[in-house]
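Step one of this worksheet: look at the structure below.
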Amino acid sequence: MASRTLSVVNGLVFDGVSDAPVEAAVHIVDGRIAAVGDPVPADQVVDANGGTVLPGLIDAHCHAYGIELDLLSIEARPLSYVALRAARRLSATLSRGFTTVRDPAGGDAGLARAIAEGLVRSPRYLWTGPALSQTGGHGDARPADSEVCGCAAHVCEVVDGVDALRRAVRERFRRGAHAIKVLASGGVMSPTDPIRPPQYSAEELRAVTDEAVRRGSYVAAHAYSPESIRHAVANGVRSIEHGNLLDVETAEVMAAAGAFLVPTLATYDAMSRRGPELGLAAVSQRKNDEVLEAGRKAVEVARAAGVRVGFGTDLMGALEDEQLQGLRAQIEVDGPLDALRSATSVNADLLGRSDLGRVQEGCAGDLLVVPGNAFDDPAVLWAGSRTVIQGGVVV
């Protein structure tokens with residue numbers, strides 16, 4: 001069969017790494033970037049018209065199965081229904097320019113197969129399966145006065161004890177999980193746990209990280225407070241999700257261990273503005289207020305300590321349409337260069353995928369083209385038209 005070629009011309013190319021974009025054309029052959037430089041004849045030509053050509057964006061904290069704000073409601077739905085809703089969420093995510101996502105609390109082999117077979121229009125989908133939670137932890141959605149069995153496991157699974165956790169981790173990898181997610185502190189949406197105390201014992205966390213490392217993978221942990229972050233990192237966790245209450249000492253511990261921070265500013269910003277209209281419980285609204293401003297400061301603290309900072313959104317239910325606003329929120333703290341690196345090459349390194357998040361020869365032909373100079377006018381990243389290319393195909 002003849003090679004399939006596509007070129008993007010007349011654009012300012014940001015390669016995901018460098019300090020500034022450069023004028024260049026990008027040539028893609030059979031889904032891979034073959035050249036960056038002078039224009040090359042191609043079967044299809046996309047004219048960027050002076051706009052910015054970026055690597056396809058990566059959302060490292062995207063919940064396809066997060067179809068509602070209420071975790072217990074999600075677990076009460078048939079998985080077939082959740083997966084169909086997830087397919088629509090993933091399609092919308094791709095249209096926004098996110099060509100790869102990591103789902104750190106959900107996904108399964110069935111959804112992954114449907115995506116691979118082209119039944120679902122989706123970003124590249126890296127899933128962990130249900131996040132692991134201790135009884136009464138962040139992933140235990142039961143109210144304190146509920147006698148309901150917390151046995152469903154679409155988004156979170158309640159698993160206690162070293163042996164049970166080892167078995168759960170092995171099962172996830174058997175089914176094709178990219179990594180493992182644990183819930184290592186309290187959270188905004190959970191009804192019975194305070195935010196700060198660490199969750200899971202050291203022995204339990206070590207069992208999870210030991211299994212993941214031996215599999216050639218890693219563990220991501222939901223953790224807000226310094227004490228929970230230190231507890232997670234000391235026991236082998238590589239990716240800290242949220243980290244809103246991060247302090248200087250803890251950031252230095254993260255940097256020394258080579259751990260990443262994946263802030264999720266989008267969700268707190270969105271819940272602060274839209275929580276009441278969506279019926280967010282008063283206890284969750286108070287928790288959200290506690291971590292909102294702290295999350296912005298945490299990014300600054302992490303960068304000052306040399307922690308590698310990624311990008312995630314963590315949007316549930318109707319808040320999914322705030323995904324691009326996550327770029328705005330992180331750019332307000334970081335500036336466009338560091339924020340775009342976070343959403344491209346840094347996230348790719350976190351995922352262990354050097355072929356993603358970069359406009360370089362040999363990398364996946366995933367691109368986002370936006371009008372104008374995104375570094376001079378970052379608003380073009382979250383407002384207005386865009387062209388999304390995945391694997392050398394305009395989607």
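The values are calculated or read from the model by the stated rules, or taken from the named source; none is laboratory data. Worth saying up front: this structure is predicted, and the values here are computed from it rather than measured. With ideal geometry, Cβ positions are generated from the backbone for all residues, glycine too; neighbour counts draw on all protein chains shown.
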### Message
Can you find, within the range 218-237, the residue that is surrounded by the most Cβ atoms within 10 Å (Cβ to Cβ) among those that are assigned to a loop (DSSP other than H, G, I, E, B) and free of Cβ contacts under 8 Å to residues at least 60 places away in the same chain?
### Response
V237
### Message
Would you confirm whether or not the range 364-387 contains a residue that is crowded, with 17+ Cβ neighbours inside 10 Å and under 22 Å from S239 (Cβ atoms)?
### Response
yes
### Residue under evaluation V40, criteria (1) in contact with a His (Cβ under 9 Å, 6 or more places away or on another chain); (2) among the hydrophobic types (A, V, I, L, M, F, W, C); (3) modelled with pLDDT of 95 or more, criterion not met
(3)
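Picking from A60, A112, which residue would you name as being at pLDDT 95 or above, aliphatic (A, V, I, L, M), closer than 20 Å to H242 by Cα and touching a Gly at 6+ places or on another chain (Cβ under 7 Å)?
A60
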### Query
Looking at L280, L292, L246, which is the one that is of a type in the set (A, V, I, L, M, F, W, C), farther than 18 Å from C62 by Cα, within 20 Å of the chain's Cα centre (by Cα) and in a loop (DSSP other than H, G, I, E, B)?
L246
### Query
Hey, among the residues in the range 55-103 that are more than 18 Å from the chain's Cα centre (by Cα) and not in a helix (DSSP H, G or I), which one's surrounded by the most Cβ atoms within 10 Å (Cβ to Cβ)?
D70
#### Entry: Condition broken by M271, with the remaining ones in (1) at pLDDT 95 or above; (2) closer than 21 Å to Y65 by Cα; (3) in a helix (DSSP H, G or I) satisfied
(1)
## Note on the structure
Exactly one of M254, M271 is more than 20 Å from E227 (Cβ to Cβ), more than 16 Å from the chain's Cα centre (by Cα) and crowded, with 24+ Cβ neighbours inside 10 Å, and that one is M271
